[in-house]
Structure formats: C-alpha cells, structure tokens
Amino acid sequence: MSKGRFGIHGGQYIPETLMNEIIKLEEAYDHYKNDPEFVAELQRLMETYAGRPSLLYYAENMTRDLGGAKIYFKREDLNHTGSHKINNCLGQALLAKKMGKTRLIAETGAGQHGVATATVAALLGMECEIFMGKLDTERQALNVYRMELLGAKVHPVESGTATLKDAVNECMREWTNRVADTHYVLGSVMGPHPFPTIVRDFQSVISREARAQILELEGKLPDVVMACVGGGSNAMGMFYNFVEDKEVQLIGCEAAGRGVDTDRTAATIATGSEGVFHGMKSYFCQNEYGQIAPVYSISAGLDYPGIGPEHAYLHDIGRAQYVPVTDDEAVDAFEYIARQEGIVAAIESSHAVAHLMKIAPKMRKDQIIICCLSGRGDKDVAAIARYRGKELYE
Amino acid sequence: MNRIASAFQNKKAFIGFITAGDPDLSRTPEFILQMVRGGADLIEVGIPFSDPIAEGPVIQDANVRALSKGCTTDQVFDMVKEVRRQSDVPIVFMTYLNVLFKYGYEKFCDRCVECGADGMIIPDMPYEEREELLPIARAHDLRLISMIAPTSKERIRMIAKEAEGFIYVVSSMGVTGMRNDIKTDIGSMIEEIRAVTDTPAAVGFGIHTRAQVEEYEKIADGSIVGSAIVRIIAEYGENAGEKLYDYVAEMTGKR
C-alpha cells in the first residue's frame, strides 16, 4: 500500500509526470509544518489578514425557535474573502513560495476557492490562473469578475459537464504541462497524497478554535458537530480536533440535489461506490463501468462526484455519519437562517443548516450542536431569487 | 504467449493508438486492421473514460464520442475478440484505473486473456501504486506498461528496472496531442533506461510526422502515435479506414 492512506482510501493515483513534484511537495510540507518561522508567519497572516480566530456564535433565536439543542455556528463566513477557503490558501501559497514557486493554479466550483487563491496570490505577489467550469462561471458570474479584479486569469472549462470535476481535470492537465514554477492549490481534502493531509491540517484551525471556544463558553464538549460536504474541506477542518472525542457525534451533509432517488444528485456517500479518481481512492458517483457520473446540486461548491478519502474512512469506520440534503431543504434553510439570525449563509453551508433544523428539535435543551457556516451567501442571492421564481440577475 | 515482444523483434515498432467506439464500435475492428495493414506493429486500444486527465482535446473528444454512443468495457472486449480472429497484432489497452477498478482487476484480466489482449497502459497508476494490480496482471501473463516522463529524472532507473513489455517514454510535459517542437532530451532518458534494462522503450506524446518517427527510431525502439490518428477519425468518421491506412503507411515508411 502506498503513502497517504486513510484505511483503504487515499493514495497517489496520478500521472508519472507529477510524481516527483508530489514527492517534493510532501518533503517541503513535512519540513515547513514544523518550521517555527513558517508556523509564525502563517499564524500572523491568519490573525492579521484572514481575521482569525473566527467567532463561535450562539444562535439564540434559532435555539428558541427550534426548541431543542443549543445551537452554535462557527463563523467561517466572517473570514476575509467570505469563506473557510482562505485558511488553506494562505497555508499552501506560503508553502509554495517557500518551495520557490511563482505561479498558483486552482480549480473552483462556486468561486470561493478561486477567489481565496486569487486573493492570496495578490497578497504574496504571485501569478494566478483559475479553472472554473463554464456552467459555474455563468451561475457565479460575480465571483469570476472578483477573481479578475484580483489579478487572476480565469479559464472557463467547457469539457465534460463543465462543472467542478472538469475544472479539477483541467487544472491537473495544466499542472502536468507546467510544473517547475507552478503550485496547484488544491481546494479540498482530496486529490493525491499529500493534498488531503495538507488541506485538512490547514483547515483544522476551525475545530482547534471551536473546541477551545465551546469549552470556554459551555465548559463541555458539544454533542454534535456538523458541516456541509462536497470534497469535504470545511467538514474535515470542523471534525478533525473532535475525532478523538468519541462522545461527539460528527455529521457531514451532502448535496442530494433533487433527491438521492433521482439522477440529479451529488450525494456521494448516499449514492456512490468505491473508485479511483482525481488521484485518490475514495467513494464516487459513477456507473457500473466506472464512468464518473454527471452530478447535480443547486450549490456549485458541492457539485462534485467524489468525497475526500479521510471522510470515506470516517464513514467506513462509522466515526462520522453522512446525510443527504436536497436543494429544496437547503434553500429553505438559506431563508430561515437569514430571517432568524440575520445571517446570509452560503447555499453550501445552508445544507448543514437544513439538517440541523431536522435534528435540533429532537435533542434535549442541555445538548449542544456546533454547525460550521463555511461561507457567506452574498454570491448566492441572485440564484436563490431565481429558484424562487424572481428574475433577478447580477 | 504474450505478443508484445514480437512488435520489437528485429525492428523499430510503430505503435498506433485508437479510441475504441469512436465514432462507433462497429468501425473499430476495421480501423485497427487498416492500421496493421499500414505497418503498425502494436495497437493501443483506448477504453473510453469520462474524465481522461492525461489526454489533450483531440482524444478527450474521441472519448466523448465513444461514450455518447454507449460504448462499454464489455463491448470493447468483444471488439478485440473480433480483431483477434483476423490478426495476431499485439494489443494493449490504454485506459484509466477506475475503469479496471470498477470492473474488478481479476475479472478485467480474465477478459483480457479471453479476448486476446496483451497488456495495459494506465496513466493514472504510477510506480508506487502498481502493487494492487501487478500480481494479478502477471498471473494472467499480461504486461502492465510503465511510463517514464521528462520529470522522472532519478526515478527512471527505479521504474525501468522493473518494467515489462515495453516502456512508454513520455516525450513532453502536459497531455497527449500533436507537437512540432519536442524539446525534451529523450536521448539521455533512453540512456538511463538502457543502463538498467533491455526492455524496449517507445516514445509517445506529440509525434505526428514521419520525420519525428525517423528521429526517434535512431535513439529508441519505437514511436507511439495517438492524437494524429484520432484526428483522422474525427475528420472522416465512419469512412476513416482507408485514410488510416494511408497515414500509418506513410508514418512507417511503407510507402
């Protein structure tokens, strides 16, 4: 079994052209993650640039309205650039710079990761090119312009389903084309080793803070920790420091699209099977011949046919539970949290909020839920309006 | 008996690639046989995959055409069986690991033997990940072809030492597709390979002219041509057979 395994999942299923680069990346990461100067520099950027620590917010109105568990939101939506993606981008870009790279490339779905990468590239004076499915450039037009504003070149990807998976394909192709000066800032806990570990480590700040914050506020651990899952980076960050706390239930919320009994879904754990794709062994939505399925979700950020290998492992061993949430449920939650708490959460994060609305009323009042609000929903407002039949365009 | 070695016996091998099922699987046997008539010594049969990350636009499009016609792995096995009735040309499959994984490695290799295929090239299965497939392939007398890239450097000897069938020397960075200017020092890559093994080395990625083939015949054991062949099929569709013969014959110097 090769390196970077989570149970049977993970590995390094990539073209030979990239192997030396991946090995170099692993060596650099192993060195710098323990380098006091690197750690201090990242910490400084996290505090002074990204705005960390992010708040752990007690949602009093929703707690009262739902009438069950006490609800806390980990406010990654308040980070600079509006999502948890900045945590990983700062870490990887700094690492890339230490490796002597001058150019960053990245895939993006909703545009959150692309914006975060473009932002960090601007900050650190690096070249930046973003690959985004053509369909996604249309449904997230504002983010495309935002990336261009930040100095990045955005490539609309027309191959395949023209969404996130195709953007990853194109990004990998570009990386094999030009690897000497270029680092691929993979946006989620997926891809070949060491990416799932690197991204998880940089995102684990979410649960490191949340765990300390809840102990400070409540004097005890939460009963449930939950987050939305596409590739699974905010969820892995939210889960990581609670994995050893066996009494804490971990719940990942997948995008079911129109429903897991339809073919318009992106719920990988619910509808997928084991496979090897995008550099990793994990679960994927695919047909009997291993052709990757065209997936669908209202959320461009969750519209991905796979899930990170560590999530696949947490699922296998029963440590985390993965539940499907439909478009309808997510849109209801998007509106509900806006009215209840005055928070416009990303449609991705709203998938987790939707499941929270189902479980909170069934829990006791002395129980606690922490839900990760991975991003803010400004980018989704026009799409939600259209979903509700209002012809609103950005 | 595995047929791959015969492609390199006392000659430089011309290896032609074709995506099975493009534009329709019923045409693929004829296309293969035309390439063999034109002088191809080994045929790489691409089993279409939804997300071929090592391919440039030409072969990506061929995958889309084949899949949109409903081409499946089982049908590709049947197609090769049909070719086998008429030709002993060595055949290796070129596809992505998920196609084999989902089919089941054991079952996939069984079917390779049954239809008369000789091996496979899997661009997303590097040296480090071969162990899960290699023993099964070997037990079936199938060759798992190793790839060496311009970035392989100190990995060349490690990979070459254990390579079997032939070594696929990737001429260029990036994905498959025709190139006029290949800058990689392929000569020194081949020297590294020669230092540790006698397994033949064939050069691929970017090759599309007779001049390139002649150049690589001087330093390597063969040339691999893919996108240029697939482009002819894209242009002439179901009637590409004669054109494929003409092109391969020109590339092999048969005419």
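Compute the signed sum of charges (Lys and Arg +1, Asp and Glu -1) over the other residues within less than 10 Å, Cβ to Cβ, of A:H355.
Once positives and negatives cancel, what remains is -1.
Does region B:97-255 classify as rounded, prolate or oblate by the C-alpha gyration tensor (a ≥ b ≥ c root eigenvalues; a/c under 1.5 gives rounded; else a/b over b/c gives prolate, otherwise oblate)? In terms of gyration-tensor shape, oblate. The trypsin sites (Lys or Arg not before Pro) of region B:112-181 that meet both conditions, a loop assignment by DSSP and at most 15 other Cβ atoms within 10 Å of the site Cβ, are B:K153.
For B:K183, a cut-off of 23 angstrom between C-alpha atoms picks up these lysines, skipping any fewer than 8 places away in its own chain: A:K101, B:K12, B:K153, B:K218. The shape of region A:118-222 comes out prolate: with a ≥ b ≥ c from the C-alpha gyration tensor, a/c is at least 1.5 and a/b beats b/c. Each peptide in B:104-116, A:120-132, A:370-382 gets a packing score, the mean of other Cβ atoms within 10 Å over its residues, and the list from highest to lowest is A:370-382, A:120-132, B:104-116. Based on C-alpha pairs under 8 angstrom that are at least 6 apart in sequence, region A:202-245 has a relative contact order of 53 percent.
Between A:M190, B:I232, B:F49, the Cα set farthest toward the positive side of the dipole of the protein assembly as shown (charges on each charged residue's Cβ, about the Cα centre) is that of A:M190. Magnitude of the charge dipole for the protein assembly as shown, about its Cα centre and with charges confined to Cβ atoms of Lys, Arg (+1) and Asp, Glu (-1), is about 420 debye.
Contact order, relative form, for chain B: 25 percent (alpha carbon pairs under 8 Å, 6 or more residues apart, mean separation divided by residue count).
With Cα atoms defining each centre, region A:345-394 and region A:220-265 are spaced 14 Å apart in the structure. Normalising the average separation of contacting C-alpha pairs (under 8 angstrom, six or more residues apart) by the number of residues puts the relative contact order of region A:116-231 at 18 percent. The GluC sites (Glu not before Pro) of region A:244-278 that DSSP puts in a loop, and whose beta carbon has at most 15 other beta carbons within 10 Å, are A:E244, A:E247.
Label sites at A:K98 and A:D332, each approximated as a point 7 angstrom past Cα along Cα to Cβ, lie 4.7 nm apart. Only Lys, Arg, Asp and Glu carry charge here, each on its Cβ (+1 for the first two, -1 for the last two); on that basis region A:40-139 has a dipole of about 260 debye about its Cα centre. Sparse packing (at most 10 other Cβ atoms within 10 Å of the Cβ) combined with a DSSP loop state is found for none of the chymotrypsin sites (Phe, Trp or Tyr not before Pro) in region B:14-103. Ignoring lysines fewer than eight residues from A:K390 along the same chain, the ones with Cα atoms less than 17 angstrom from its Cα are A:K379. A full extension of the chain between A:E60 and A:D245 corresponds to an added length of 64.0 nm, given 0.36 nm per residue minus the alpha carbon distance.
Net charge of the neighbourhood of A:N20, taken over other residues with C-beta under 13 Å away and scored Lys/Arg +1, Asp/Glu -1, is -3. Where only DSSP H runs of four or more residues are counted, chain B gives -12500 deg cm²/dmol as its mean residue ellipticity at 222 nm, each run worth -39500 (n - 2.57). In terms of its C-alpha gyration tensor, region A:236-394 comes out oblate, because a/c is 1.5 or above while a/b does not outweigh b/c.
When +1 charges are put on Lys and Arg Cβ atoms and -1 charges on Asp and Glu Cβ atoms, the dipole computed for chain B relative to its Cα centre reaches about 380 debye. Measuring from centroid to centroid over Cα atoms, what is the spacing of region B:1-50 and region B:159-173 in Å? With region B:1-50 and region B:159-173 each reduced to a Cα centre, they are spaced 18 Å.
Rule-based calculations on the coordinates, nothing more; no lab input. Predicted model, so just to flag it, every value in this text is computed and none were measured. For neighbour counting, all protein chains shown are included, and Cβ atoms are generated from backbone atoms with ideal geometry for every residue, glycine included.
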